[in-house]
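The values are calculated or read from the model by the stated rules, or taken from the named source; none is laboratory data. Fair warning: this is a prediction, and the values are worked out from it, not measured in the lab. Positions of Cβ are generated from backbone atoms using ideal geometry, with glycine treated the same way; all protein chains shown enter the neighbour counts.
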Amino acid sequence: MDDVTRDNIAESLEDLAAQNAWNADVWQKCYEIVASNINEDELLGYVHDDLIHYSGRRLFRSAPIPADFDEYRQEFRDVASALRSRMSLANFKKRHC
């Protein structure tokens, strides 16, 4: 993966993590860029699953509340940082899981 794509993905993950309320457009942009590059870096495969579960759909209410995002925010920031530093998935898991 080239550096421009890597930076764009990292920026997209950081933008998603910065949202205070559900923003379908920001999520969709992030999901699409991760999904289209999923075979380029194993970290993208790892975070792709979390993006699916972060889709804004709730079982008992029509929209997620900010607390619903808390468990994901730091992970998205951490993956963005790991992508920029070209960290492997194994090293990422050692450091963050």
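Please specify each residue of the stretch 15-30 satisfying the condition of being loosely packed, with under 15 Cβ neighbours inside 10 Å and of a type outside the set (S, T, N, Q). Hits for the stretch 15-30 are Ala18, Ala21, Ala24, Asp25.
Residue-by-condition table, conditions (1) modelled with pLDDT under 85; (2) of a type in the set (S, T, N, Q):
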site: Asn20; (1), (2): yes, yes
site: Val34; (1), (2): no, no
site: His53; (1), (2): yes, no
site: Arg57; (1), (2): yes, no
site: Asp70; (1), (2): yes, no
site: His96; (1), (2): no, no
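Take the stretch 31-51 and flag every residue that is closer than 15 Å to Ser81 by Cα and surrounded by fewer than 17 Cβ atoms within 10 Å (Cβ to Cβ).
Glu42
Considering every residue within the stretch 3-16, establish whether at least one is of a type in the set (A, V, I, L, M), assigned to a helix (DSSP H, G or I) and closer than 15 Å to Asp70 by Cα. Yes - at least one qualifying residue is present in the stretch 3-16.
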